[in-house]
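Notes to accompany the following structure.
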Amino acid sequence: MSESVLITGANKSIGFETARRLGEAGYRVWLGARDAARGQAAAETLSALGQDVRFLQLAVDDEASVQAAADRVTREDGKLDALINNAAIPGSYAEPINETLADIRHVYDVNVFGPIAVTKAFLPLLQAAGSANVVNVSSGLGSLSLMADQSYPFYGANLLGYNSSKAALNGVTISLAKALAPLGIRVNSANPGYVKTDFNGHRGHRSVEEAAEIIVRLATAGADGPTGGFFDDEGVLAW
Ligand code: NAP
């Protein structure tokens, strides 16, 4: 039986490239997307390359959709070797004092409660794999140490909802890494860097290919791989 992976928000950008890489590596890819037409089109693009890719309707901020997705993978696969919590939103890009509470709550629903809900719903499947990886796609902007350091190049990128949501996600990584270690499930945060995607109006300087590298590495690590860490291409990042 081939190894399987679910990537949320995989219809485009970093998630899609990560799906393509893992499909190429022989994984069965569950390509998560909230929009059926966009998800189906992305899955068809990868299937046309001969990859084993299945579109999975999954809006991470909709618990019914998360549970329905987990039920389908349970029926069709019975286990999951890797889960990549990639879907996220930046919020309104308003100045901190102008960002509304409603916007911040929405950012947290997608970026923090989404990964928690998806990980919980897919936990029995990850456990059934015997050894599994969860990768939370975080950000340098979620590093409290870096964001408090005036010499950090992104010190001024002060998004109240987004940055604090990724710091919270890093906290989720640490908590779940401890809780799931006895089950053979490793949980890590990955920083893809500043990447040219729709997320930032294509202002990033890194390619999606470069961004996917650390995510793929963590998602495919074996039982001796790390857990409870925060990584980019160059190694360990400060929380
Ligand atoms: P992107 O181009 O905006 O793509 C985001 C993906 O998430 C899309 O597929 C989007 O679906 C999906 N999504 C949004 N809300 C969702 C929801 N509620 N349920 C399910 N899917 C949802 O972003 P990206 O640049 O590839 O970012 C991917 C990850 O990298 C995110 O976690 C982001 O925080 C992180 N990251 C990005 C950068 C960067 O510079 N780009 C830097 C650091 C970290 P739709 O197409 O339907 O909107």
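The values are calculated or read from the model by the stated rules, or taken from the named source; none is laboratory data. None of these values were measured; they are calculated from a predicted model. Neighbour counts are summed over all protein chains in view; Cβ atoms, including those assigned to glycine, are modelled from backbone coordinates with ideal geometry. Surface areas here come from the heavy atoms of the whole protein model, side chains and all, with no ligands, DNA or RNA. Shrake-Rupley method; radii C 1.70, N 1.55, O 1.52, S 1.80 Å.
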For the chain, the dipole about the Cα centre with charges only on Cβ (Lys and Arg +1, Asp and Glu -1), to the nearest 20 debye, works out at 260 debye
So, with points 7 Å from each Cα along the Cβ direction, the Leu144-Gln67 label distance in nm works out to 3.4 nm
Residue-ordered couplings for segment 84-93, obtained by feeding phi - 60° into the Karplus form 6.51 cos²θ - 1.76 cosθ + 1.60 and rounding to whole Hz (Gly and Pro as x), are 10, 7, 9, 4, 6, 10, x, x, 7, 6
For the Arg203, Ala25 Cβ pair and Förster radius 30 Å, calculated FRET efficiency rounded to 0.05 is 0.50
Expressed in nanometres to one decimal, the distance between label points 7 Å along Cα→Cβ at Asp52 and Thr100 is 4.6 nm
Under a 1.4 Å probe, counting only protein heavy atoms, Asp81 has an accessible area in Å², nearest 10, of 10 Å²
The percentage of Cα-Cα pairs in segment 4-236 separated by more than 32 Å is 13 percent
Given a Förster distance of 30 Å, the FRET efficiency implied by the Cβ-Cβ spacing of Gln127 and Ser151, rounded to the nearest 0.05, works out to 0.10
The aspartates and glutamates whose Cα lies under 19 Å from the Cα of Lys120, excluding any fewer than 8 residues away in the same chain, are Asp61, Asp62, Glu63, Asp71, Glu76, Asp77, Asp81, Asp109
Here the percent of antiparallel bridges among DSSP beta bridges lying wholly in segment 4-236, to the nearest 5, is 5 percent
If amide H atoms are modeled at 1.01 Å from N in the peptide plane, then the residues at a separation of 5 or more from Leu56, or on another chain, having amide H under 5 Å from its own are Leu31, Gly32, Ala33
